[in-house]
Amino acid sequence: MMNGKKTVAVIVAAGKGERAGGDVPKQFRTVAGRSLIGHCVDRFRAHPGIDDVVVAIAEGQENALARAVGPAPLPRSVIGGASRRESVANALCALETDGDVGAVLIHDAARPFLPETVIDDLLAGLGAYEGAIPALPVVDTLARGYDTLGETVSREGLWRVQTPQAFRCDAILSAHRAWPADREATDDAQMLRAMGGSVAIVKGDTMLEKLTHPADFALAEARFGGPSMRIGSGYDVHRLAPGEGVWLCGVHIPHDRSLSGHSDADVALHALTDAILGAAALGDIGQHFPPSDPQWKGAESHLFLTHAVELARGAGYTIGNADVTIICEAPKVGPHRQAMQERVAGLLGVDISAVSVKATTTERLGFTGRGEGIAAQAQVLLCRT
C-alpha cells in the first residue's frame, strides 16, 4: 500500500511478438515450463508489496490469457491499443476509474524472470521520487559506425533501462495524457521526465533481459529450464597462527590463535561459498577471488558469500537450505552457534530455520586434532525460482 492506496502491477502483453518467431505471440510462449505472462503474474502476486495485477492484451486474446496463466486465478485484463504506449494508457485509465491506486509498476511480459529484490528497490525509490526504474550500467565499448568502425563513445553515465518501472499513479497518468498522440515513446519513464517528473535509478538485474529473438528463448531455456533443485558441497581448510581470535560463519570468536589466509580466513564461509558455486556449476571461490589478487588481502569473507548468492540468483536459483560443519578442537562453537546461524541466514537472505551450523572434532587425530588448523564442510540446496 502507498499512502493507504493500492500498488498495482500492469503487465503489457498486447504485442504480436513477431521477431521471436513461432505461431503464437511471444508473451504466450513457454519457457522454463511456464508462459512468459504466467511467470510475470506469478512473480508479482508472490510479492507482498503488490496488491493486484492487470494485464493489457490484444482484443480476442482472453482465452489465450486464461490458458497462459492457468492453473492460477485469472488476473484482471484490459484491451490494449495499437502501440505499447496506448496499451499502457488504457490500463492506467482503468486504474484511475478504480480510484484507489496509489502506485503502479509497468512491466513488459517479455521480461519474465523478475527478481523480488528489484520490486523492493523500486517501491523504496517511490518514497522520494515520482518514478523509479531498474537499470544496468553499460559495460561494453560503444562506438559509432556503419560498415566501418567510427569513434568510440564514452560509457560514463550511460545505462541499460529495464522494466518494471514504478510510478506514482497520478503522475504517470498525467504524463501519458500530456504526451503527443502522434509521437511514440521509448518507455514510460521518458514520458514522465518530459513533463518534469523525477525518476530514480535503482539496481537492475541480468535476470530481466528481454526475450525478443528465437535465440533469446533458447538461452533462457538453457538458463532457467534446468532441474528444479541442485545440490552443492564445499570444503575448506586454514591453518592456525598466533592471534587473538578467529572468524567463523561471519562471527568473531575470541581465541588465543587466529586463522591464517589471504582474506579474513573464515573457513566456514569459504566452504559455504564453494558449495553455492558448485551447486550452480559456476566454478569455485579461487576462480572468482584468486588469492594472488591483492584487492582481496584481508577481505571480509561475507563479500565472497553474497557474491555467490547473487550469481546463483542470476542463474535462476534461490537458497533452499544450508548445512555447515566446522571441524576443530578449539575454540568451542556451541556458545556462538545461534549468532552464526543468524549471520549466515542474513547473508543468504533466508530464514534462520534454513541454516544449520554444527561442530565436531576428530578425536585429536590429524591436523585439526593437533590444533594446527580448522576445517569446514558445507552443503547447499538451490531451488529454481
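The values are calculated or read from the model by the stated rules, or taken from the named source; none is laboratory data. The model shown is predicted, which means the values in this text are computed figures rather than measured ones. Counting neighbours? That spans all protein chains shown, and the Cβs are built from the backbone with ideal geometry, glycine included.
Here are the numbers:
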read-out	value
E244, sole failed condition from (1) surrounded by fewer than 18 Cβ atoms within 10 Å (Cβ to Cβ); (2) in contact (Cβ under 8 Å) with a residue 24 or more places away in the chain; (3) not assigned by TED's automatic domain parsing to the domain that holds A13	(2)
Residue match in region 178-198 (condition: modelled with pLDDT of 95 or more and part of a strand (DSSP E or B))	no
Residues (of a type outside the set (S, T, N, Q), in contact with a Ser or Thr (Cβ under 8 Å, 6 or more places away or on another chain) and modelled with pLDDT of 85 or more) located in region 308-320	A308, A312, Y317
Matching residues in region 112-166 - criterion: being of a type outside the set (S, T, N, Q) and assigned to a helix (DSSP H, G or I)	E116, V118, I119, D120, D121, L122, L123, A124, G125
Filter pass, A345 being within 29 Å of A281 (Cβ to Cβ) and in a helix (DSSP H, G or I)	yes
Positions within region 279-297 being within 30 Å of G226 (Cα to Cα) and in contact with a Ser or Thr (Cβ under 6 Å, 6 or more places away or on another chain), in sequence order	I285
Residues that are exposed (fewer than 15 other Cβ atoms within 10 Å of the Cβ) and under 19 Å from L123 (Cβ atoms), drawn from region 46-90	A46, P48
Region 357-385, subset in contact (Cβ under 8 Å) with a residue 40 or more places away in the chain and among the hydroxyl-bearing types (S, T, Y), residue farthest from N321 (Cα to Cα)	T368
Search result, residues across region 352-363 that are over 14 Å from L381 (Cβ atoms) and not in a helix (DSSP H, G or I)	V357, K358, A359, T360, T361, T362, E363
Residue ID - nearest to C383 (Cα to Cα), chosen from residues in region 301-317 that are surrounded by fewer than 19 Cβ atoms within 10 Å (Cβ to Cβ) and either in contact (Cβ under 8 Å) with a residue 40 or more places away in the chain or aromatic (F, W, Y) (or both)	G314
Any strands (runs of 3 or more DSSP E) falling wholly within region 240-342 and containing at least 1 residues that are farther than 14 Å from I374 by Cα	251-254, 317-327
Odd one out for R43 among (1) over 25 Å from R223 (Cβ atoms); (2) surrounded by 21 or more Cβ atoms within 10 Å (Cβ to Cβ)	(1)
Hits in region 150-169 - residues which are without any contact (Cβ under 8 Å) to a residue 12 or more places away in the chain and not β-branched (V, I, T)	G150, E151, E156, G157
Selected residue (only one of A378, A330, A345, A339 is assigned by TED's automatic domain parsing to the domain that holds L259, surrounded by fewer than 20 Cβ atoms within 10 Å (Cβ to Cβ), in contact with a helix residue (DSSP H, G or I) (Cβ under 9 Å, 6 or more places away or on another chain) and farther than 22 Å from T206 by Cα)	A345
Meets criteria (over 27 Å from E310 (Cβ atoms), of a type in the set (D, E) and touching a Cys at 6+ places or on another chain (Cβ under 8 Å)) for E86	no
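For every residue, the table says whether it meets (1) free of Cβ contacts under 8 Å to residues at least 60 places away in the same chain; (2) closer than 21 Å to E96 by Cβ; (3) surrounded by 14 or more Cβ atoms within 10 Å (Cβ to Cβ); (4) within 19 Å of the chain's Cα centre (by Cα).
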| site | (1), (2), (3), (4) |
| --- | --- |
| W179 | no, yes, yes, no |
| T186 | yes, no, no, no |
| L192 | no, yes, yes, no |
| G196 | yes, yes, no, no |
| M207 | no, no, yes, yes |
| D216 | no, no, yes, yes |
| E221 | no, no, yes, yes |
